[in-house]
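Notes for the one structure printed next.
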Amino acid sequence: MVDNSKDLIERIWGVFSSMKLGLALLGIIAFVSGIGTIVPQIEQSPEKAEAVSQLWQTMGFTHLYSAVWFRLLLGLLCINLIVCSIQRFRGIYLRTFKLTPPSKLVRVPQKNQLVVQGELASLRESVQEVLRQKGFRFTLNDQSGHWSFIAIKRRLGNWGSLITHLSFVVLVIGALLGSLLGFKGYFMEGSGTTIAIQKIEVTKGKVSETFSVRVNSAEDRFLPNGERDNWYTDLSVLENGEEVARQTLSVNHPFEYKGVTFYQASFANGARFTAEMNGQKKPVVLRDQRQSYYQAPGTDLYLVTTLAKSLSQNPDVLYQVYKGTGVNPIQTGQLKTGETIDVQGTYRLTYEGLAGFTGLQVKKDPGVAVIWLGCGLLLGGLLLAFYWQPLVISGIIQSENGKRGTLTVGALSGKMPDSTNRAFEQFVSSIKTTMEE
């Protein structure tokens, strides 16, 4: 039973350590991702995504990057990369820190190999001096009959490919963290209004936070020359009704609180009113161009407004009152700042002035830091792999008559044979020069 379990584990390990599996998974992921760029995604285009064939929706192609089977593919790729990395780790470690000098002549690299003859003591001293001058880390082996060495330069370059592979694992983990634990949403509210974070319109993920936000003010500022400066929102965060954080945000200057980031996305003009009903006053903020309405409590009266076109800093407001599902207004008019009207004998409405509506994109992505780490590892791995190639040189000095010897030295060509050959030839030339001095 134990042997069967070991065999099963070995077979599974063998499957996930296969490079063919990794290439197959990469191909499948690239293929379905290509389909995902063509099929409308519900997060970006809900209406277009709903118009796609029901088969595509059922298969998850309209929400590809949050589909369980797509995440499973990413998970399998991560396992494959991790297993391959574990399997390669020992070899890379030995090539970096545990290099062994050649014990036989056949163990000296054959492809790039040169022979130098000279006095035995001079050969040994020249090799060691040149190795030190050129910054090699080397190991010597002095045995009867021969003297050997192995040296390495830029040894950390051995880790470049491993770090590059692991960076993809980190990137996938970061993406999954953002997908599983984060959310993305949007809201547009007027100055003076408060909204619970769980009430915003969410297009991705689920909101678990319980705080609220209050829009203290929203402004569309202009420079003295008439050009737009920026959109500004004075935003407060409320916990249990108490203000715990406050900041003015604008385009390219977001506000973050407990991992939730608010981005200035849009702006709309609006009007600020005070509604008085049954002796109670309530602030009301309505967007311009009939983009929002006010329904008096306990009534089927709906009020919409539009700002009058004017060069004034405080333009008049045009209002319309509808009853129930009626398509024609039952009351219309125009108000100046400070004026009050009676709405169907139900409540009184006073126009207080302009009010800005801010559109904020709200996002929480706990995987951002992990993704940045993955990007750093990817960049570092690529730099090590392509610009910090290790140079490994080894050789054996064989004694001829106790006084003279023959140095057979070779270099591993690696992924950049031309640069290796040049460095190797310079190394041998330096040995000869040192012997002549």
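If you plug the beta carbon distance of Arg71 and Glu239 into 1/(1 + (r/R0)^6) with R0 = 35 Å, you get a FRET efficiency near 0.55.
Peptide packing for 353-364, 89-100, 60-71, 38-49 was compared via the average number of neighbouring C-beta atoms within 10 Å per residue; ordered from the highest value, the list is 353-364, 60-71, 38-49, 89-100. Each peptide among 236-242, 422-428 gets the average number of other Cβ atoms lying within 10 Å of its residues, and from highest to lowest they stand as 422-428, 236-242. Once both labels are positioned 7 Å from their Cα atoms along Cα-to-Cβ, the gap between Leu223 and Ser18 label points is 6.3 nm. Calculated FRET efficiency, Ser208 to Glu47, Cβ-Cβ distance, R0 = 30 Å: about 0.60 to the nearest 0.05. Accessible area per residue for the chain is 57 Å², calculated with a 1.4 Å probe on protein heavy atoms, without ligands, DNA or RNA. In this structure, the residue pairs whose Cα-Cα separation is over 25 Å, taken from Lys98/Lys134; Lys153/Lys432; Lys199/Lys323; Lys206/Lys323; Lys199/Lys258, are Lys199/Lys323; Lys206/Lys323. Modelled spin-label separation between Glu119 and Ser429, with each label point placed 7 Å from Cα along the Cα-to-Cβ direction: 2.5 nm.
With R₀ set to 60 Å, the beta-carbon distance separating Thr340 from Val368 gives a calculated FRET efficiency near 0.75.
Once a ≥ b ≥ c are taken as the square roots of the eigenvalues of the Cα gyration tensor of region 19-116, is the result rounded (a/c under 1.5), prolate (a/b larger than b/c) or oblate (a/b not larger than b/c)? The shape class here is prolate. Between amide H atoms placed 1.01 Å from N, distances below 5 Å from Glu43 occur with no residue 5 or more places distant or on a separate chain. Ellipticity at 222 nm from helices only: DSSP H runs of n ≥ 4 in the chain, each -39500 (n - 2.57), divided by the residue count, give -11500 deg cm²/dmol. Here Lys281 is the anchor, and the aspartates and glutamates within straight C-alpha reach of less than 15 Å, apart from those fewer than 8 places off in the same chain, are Asp342, Glu352.
Largest GNM mean-square fluctuation across Val169, Val317, Val327, computed for the chain with C-alpha springs under 10 Å, falls on Val327. Other residues lying with their Cβ under 15 Å from the Cβ of Thr406 contribute a combined charge of +3, Lys and Arg counting +1, Asp and Glu -1.
In this simple spin-label model, placing a label point 7 Å from the Cα along the Cα-to-Cβ direction at both Thr194 and Arg246 gives a separation of 1.4 nm. The Cα center of region 214-288 and the Cα center of region 116-161 differ in position by 70 Å. Remark: relative contact order (the chain) = 21 percent; criterion is Cα-Cα distance under 8 angstrom and separation of 6 or more residues.
Given a 1.4 Å probe and heavy atoms of the protein chains only, how would you sort Glu339, Glu125, largest accessible area at the top?
Largest to smallest exposure gives the sequence Glu125, Glu339.
Scattering from region 146-235 was approximated by placing one identical point on each alpha carbon and applying the Debye formula without solvent; log10 I(q)/I(0) at 0.11, 0.20 1/Å stands at -0.64, -1.01.
The values are calculated or read from the model by the stated rules, or taken from the named source; none is laboratory data. It should be emphasised that the depicted structure is a prediction, and the values quoted were computed from it without experimental measurement. Don't worry about glycine lacking a Cβ; one is built from the backbone with ideal geometry, like all the others, and counts go over all protein chains shown. Remember, those area values only see protein heavy atoms, side chains included, never the ligands or the DNA or RNA. Shrake-Rupley method; radii C 1.70, N 1.55, O 1.52, S 1.80 Å.
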